[in-house]
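Below is one structure, written out as structure tokens, with a few remarks after it.
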Amino acid sequence: MDLILLGAPGAGKGTQGAILAERLGIPKIATGDILRDAVRRDTELGRRAKAFMDAGELVPDEIILGLIREVLASPEAADGAILDGFPRTTAQAEAVGELLNRLGRRIDAVIVIEVPGDTIVRRMSGRRTCSNCGRVYNVYTEPPETEGVCDVCGGELMQRSDDQEETVRHRLQVYQSTTQPLVRFYETGGVPIRRIPGDRPIAEVQESILRELDH
Ligand code: AP5
């Protein structure tokens with residue numbers, strides 16, 4: 001099964017994608033996670049992407065398309081994947097379609113997680129991510145047992161550099177102008193669109209997604 005998770009920054013794609021990956025037994029692939037890891041390790045990809053990410057802009061397609069080719073061709077994605085955070089532009093969507101087509105696959109469904117803008121700004125100000133294992137918390141809704149420390153691995157919890165309010169508002173605009181139109185792109189192409197209200201407890205959102213996927 002190949003699924004796309006669409007939704008504004010902070011809608012809960014990463015949170016839902018991680019649970020869904022376990023339930024469905026297919027990997028979640030997130031371009032944002034791959035890019036942040038590259039920035040942390042100071043690789044060439046990270047150096048090229050960092051300024052765009054810090055400004056809340058999309059990393060240019062010419063950089064992302066190579067990355068998408070690599071991850072979709074990887075053995076771990078051989079039986080399908082949950083695509084979190086990509087495609088984000090029409091060029092990326094076309095590339096994903098062509099790559100899957102060559103592998104004899106197609107997008108089975110697009111899950112759109114919908115959350116109002118003001119909720120998102122508050123969520124993002126409370127997000128903390130483990131610097132070691134990547135587990136995501138929220139100081140308001142999903143706090144760790146000990147402040148600043150990951151429950152799973154004891155790593156230090158960090159705030160993302162692009163989670164400042166002004167940057168979040170810019171990322172929301174970029175989502176609306178560039179990525180949201182992909183819903184229509186897929187609708188026109190006959191791909192099932194599953195709209196999920198995301199402003200509810202995490203477990204309820206997950207149940208709705210599974211119901212929509214007939215699981
Ligand atoms: P990326 O990492 O993809 O960020 P994003 O799309 O902006 O999404 P987020 O990771 O911010 O949010 P999310 O929806 O995963 O929410 P989460 O589950 O964490 O991209 C970052 C940057 O990288 C981009 O701006 C761009 O520069 C670049 N980039 C990445 N991919 C690219 C691409 N394909 N092309 C070009 N550039 C690219 O949840 C958020 C918070 O809310 C957490 O604290 C969580 O605990 C909490 N929460 C989640 N669900 C709930 C709930 N139901 N109730 C209460 N709290 C909740």
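What follows draws every value from the coordinates through simple rules; no lab data is involved. No experiment lies behind these values; they were computed from the predicted model shown. Quick reminder, even Gly has a Cβ in these numbers, built from the backbone with ideal geometry, and neighbours come from all protein chains shown.
Here is how the numbers come out for the structure above:
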{"quantity": "Proximal charge balance of L213 [Cβ under 10 Å; K/R count +1, D/E count -1]", "calculated": "0"}
{"quantity": "Square roots of five times the Cα gyration tensor eigenvalues for the chain, Å", "calculated": "25, 21, 18"}
{"quantity": "Stretchable slack from R122 to A51, in nm (0.36 nm times residue separation minus alpha-carbon distance)", "calculated": "23.2 nm"}
{"quantity": "Magnitude of the charge dipole, the chain, Cβ model with Lys/Arg +1 and Asp/Glu -1, debye to 20", "calculated": "220"}
{"quantity": "Fluctuation leader among D84, D163, D54 - the chain, Gaussian network, Cα springs under 10 angstrom", "calculated": "D54"}
{"quantity": "Low-density loop positions, trypsin sites (Lys or Arg not before Pro), the range 7-105 - DSSP coil, at most 11 other Cβ in 10 Å", "calculated": "R41"}
{"quantity": "Nearest-0.05 FRET efficiency for R41 and E142, computed from C-beta distance (R0 22 Å)", "calculated": "0.25"}
{"quantity": "GNM flexibility winner over the chain from G85, G189, G12 (Cα, springs under 10 Å)", "calculated": "G189"}
{"quantity": "Unit charges on C-beta of K, R, D, E only; dipole of the range 1-51, Debye", "calculated": "180"}
{"quantity": "Cβ-based net charge around P181, under 14 Å, with every Lys or Arg adding one and every Asp or Glu removing one", "calculated": "0"}
{"quantity": "Net +/- balance of residues flanking V136 in space, Cβ distance below 13 Å, scoring K and R +1, D and E -1", "calculated": "+3"}
